[in-house]
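Please read through the structure below; I'll follow up with questions.
Just so you know, all these numbers are worked out from the coordinates, no wet-lab data involved. Please read all numbers here as calculations on a predicted model, not as lab measurements. Methodologically, a virtual Cβ is constructed for each residue, glycine included, from the backbone with ideal geometry; neighbour enumeration extends over all protein chains shown.
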2 protein chains.
Amino acid sequence: MSVVSLEPSAALSISAVEQETGLSKDVLRVWERRYGFPCPQRNTYGERVYPDEQVLKLRLVRRLLDRGLRPGRLLPMSTEELGVLMDQSIGEATPLPVEHDLAMYLVKTHQTSELRRELSQAVVRDGLYRFVTQTCGPLLQLVGEAWMRGEIRVFEEHLFTEQVQAVLRGAIAQISGPAGTPRVLLSTLPGEQHGLGLLMAEAVFSLEGAECVSLGLQTPIGDLAAAALAKQADLLALSFSGNFPANQMLESLSLLRAALPPQIGLWCGGMGPERARRLPRGVFCLSGLQGIGPALEEWRDARSRATLTP
Amino acid sequence: MSVVSLEPSAALSISAVEQETGLSKDVLRVWERRYGFPCPQRNTYGERVYPDEQVLKLRLVRRLLDRGLRPGRLLPMSTEELGVLMDQSIGEATPLPVEHDLAMYLVKTHQTSELRRELSQAVVRDGLYRFVTQTCGPLLQLVGEAWMRGEIRVFEEHLFTEQVQAVLRGAIAQISGPAGTPRVLLSTLPGEQHGLGLLMAEAVFSLEGAECVSLGLQTPIGDLAAAALAKQADLLALSFSGNFPANQMLESLSLLRAALPPQIGLWCGGMGPERARRLPRGVFCLSGLQGIGPALEEWRDARSRATLTP
DNA sequence: GACGCTCATTTGTCCAGGACAAAACGTTGA
DNA sequence: TCAACGTTTTGTCCTGGACAAATGAGCGTC
């Protein structure tokens, strides 16, 4: 009945592995039956006990699954082969501008206040738009990749996130005016843990003259539709990180499109939708933060045309 | 294979109920076997389909479980009887100051910018300390209770949370100095979704002259220990909402206490620990936000005594 | 009355292995 | 390039039995 994982190098129960890897118990068992991996030992009571290396491999598999690879192909491979695949899909480490190098250094040495100062300076120096698109976005990606390569730990990513969030929220508070068109409702779907993408989008939307109403993270679908109506939003914008399960994203977008009145636009952005082949009808995919400006322009054009020629 | 919950009044699959209620599939099935509740219908494929009312009742049961009651007693009861129990454990609805009434009205009518203005004014008028302890805290509880009674919807709570968060973060940014004693690391455990408690604590800690480093929500246990060492924290402060599973809280706190060097204090606060009978040795429970000041004072006393008489 | 012990009961998790829908894939034809 | 269709892969759900851990009750001791 003990559930939680404990000592550093202890072997884990099936529940603990479920938590660690995000793979359900059913999946862990059925993989073992079908592919022969994982092949946990058993304790005295016949319960599965997963050695650390297998958990590591499972985590790798999980990441590659999220990138569209399939279990039947991945599970027979060795940990090394999986590592190679992973490197390929991450791509070459891009050469860094100096300031990004500095930021990564500050993250790795936990110099949070210095990091925040650098970021704040960058906002003032470059302006919010360039800060978001050229500093924030790339940095976020760098940190994410460094985490995947195991170069930084979770808490270091958290420290980084907090600093960026503080700077961004401060900047947004300054520029957001009371009114504007269109009125944009921002949020993420349940399960999405990452909020920086949303915050960056809010910054750019505000800069482009839209009125932003953020619901924060993880709003249930029904509530998104209800909120859009209640706040009389023109657009509903959703942010997806790269880890968000692709199936769930597509399914939820379909449901949401159906639940939403047709005149309310449904836009989405982030690593999730950019990797998707095709989105449901009536769902618009923003191509990066830079795509927000042109998209808004087009929306306003269409709107004024519709108003002028009824 | 379809998983996600959908239309407003649709009945839910076992996976959806697991997500909604936090009760595992195994538990849902074994309760049905043992107590005859829940008693879901079946779809064409023989899969369980849970009507809304049963999900509602399960949610109630879940809450009461977290308060120390036991399944064998709760499950045979009717929804009404459970409601009575719930009311008892919530306590009488406290009479509201007028300003809280106004805030609740603004929440229910989705007047977000008005709400934010009111909150900002309150900060300036009453000072941050009184704002946090006398406005923010009680309001948060009111909103939570209103949600439990079904008076407000999830998205309305989200809108509220965003406004409070914005105001709090703005205020914290202004007061937080670079140094101070003790150095406090703040976060929540994985699974904790609510961040306002943490933010309020950060505000009070900062006001009391401590140096705050926030890790944001949901930091894994191992990373909390690592972060405390890396940032040379004096205290690790964790926030728990009332929904957080009591068992998990106690178990995690034990683990954490063991993983942390003894000279680093482990403090916790929020609805979770306040209801707990007894916490693990070496874990200190803050009694509300007002408890932070005295606790810090005592910590500083103990510290200076230890330094003076080595 | 506080504490420690044992024993019975309650409760959550785990297991096995079968079943089946939905997603992904591959092929064909327009 | 796209649509339609059969095949394979894959995740989730099912049943019902087993058992350890948590809880509570009863009892004796300090």
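Considering the rotation that carries chain B onto chain A, locate the chain B residue whose Cβ comes closest to its axis and report the distance in whole Å.
B:169, 3
For residue A:29, go 7 angstrom from Cα along the Cα-to-Cβ vector, then report the distances to that same point in the other copies in nm, smallest first.
Label point to label point, same position, other copies: 0.6 nm.
On to the next question. Under a crude label model (7 Å from the Cα following the beta-carbon direction), how far is residue B:281 from residue A:281 in nanometres?
Modelled inter-label distance: 6.8 nm.
Could you please report the charge total around residue B:156, scoring K, R as +1 and D, E as -1 over all other residues with beta-carbon less than 12 angstrom from its beta-carbon?
-1
Find every distance from the label point of residue A:175 to the corresponding label point in the other copies (7 Å from Cα along Cα→Cβ) and write them in nm, one decimal, shortest first.
Ordered by distance, the counterparts are at 2.9 nm.
Just for the Cα atoms in the protein assembly as shown, what are the lengths along the principal axes, largest first, rounded to whole Å?
Dimensions of the protein assembly as shown along the principal axes of its Cα atoms: 73, 70, 58 Å.
Jot down the radius of gyration and Dmax of segment B:178-269, Cα atoms only, both in angstrom.
12.2, 37
Something else about it: Work through the residues other than residue A:167 whose Cβ is under 12 Å from its Cβ and net out their charges, Lys, Arg +1 and Asp, Glu -1.
With Lys, Arg at +1 and Asp, Glu at -1, the net is +2.
Additional query: Could you please rank A:254, B:214, placing first whichever residue has the fewest other Cβ atoms within 10 Å of its Cβ?
Ranking A:254, B:214 by Cβ neighbours within 10 Å, fewest first, gives A:254, B:214.
A follow-up question, please. Among A:253, A:229, what is the fewest-to-most ranking by other Cβ atoms within 10 Å?
Lowest count first: A:229, A:253.
In whole Å, what three semi-axes, largest first, describe the equivalent ellipsoid of segment A:129-239 built from its Cα gyration tensor (square root of 5 times each eigenvalue)?
They are 27, 17, 10 Å, listed largest first.
Report, in listed order, any pair from A:25/B:231; A:231/B:57; A:25/B:57; B:25/B:231; B:25/B:57; A:25/A:57 with a Cα-Cα distance greater than 28 Å.
Long pairs (Cα-Cα over 28 Å): A:25/B:231; A:231/B:57; B:25/B:231.
Let me ask another. How much space per residue, in cubic angstrom, does the convex hull of the C-alpha atoms of chain A take up?
With only Cα atoms used, chain A gives 160 Å³ per residue.
Counting only DSSP beta bridges with both residues in the protein assembly as shown, what percent are antiparallel, rounded to the nearest 5?
15
How about segment A:150-224: which GluC sites (Glu not before Pro) there lie in a loop by DSSP and see at most 16 other Cβ atoms within 10 Å?
Listed in order of number, the matching sites are A:151.
First select every other residue whose beta carbon is under 12 angstrom from the beta carbon of residue A:227; then total the charges, Lys and Arg +1, Asp and Glu -1.
-1
Write out the GluC sites (Glu not before Pro) in segment A:34-134 meeting two conditions: DSSP loop, and at most 10 other Cβ atoms within 10 Å of their Cβ.
Counting only loop positions with at most 10 other Cβ atoms within 10 Å, the GluC sites (Glu not before Pro) in segment A:34-134 are A:92.
Which distances in nm, rounded to one decimal and ordered from shortest, link the label point of residue A:127 to the equivalent label points in the other identical copies, with labels set 7 Å from Cα toward Cβ?
For residue A:127, the other copies' label points sit at 4.3 nm, shortest first.
In square nanometres, what is the average projected area of the Cα convex hull of segment B:34-148?
10.3
Compute the distance from the alpha-carbon center of segment A:186-211 to that of segment A:18-38, in whole Å.
Each part reduced to its Cα centre gives a spacing of 34 Å.
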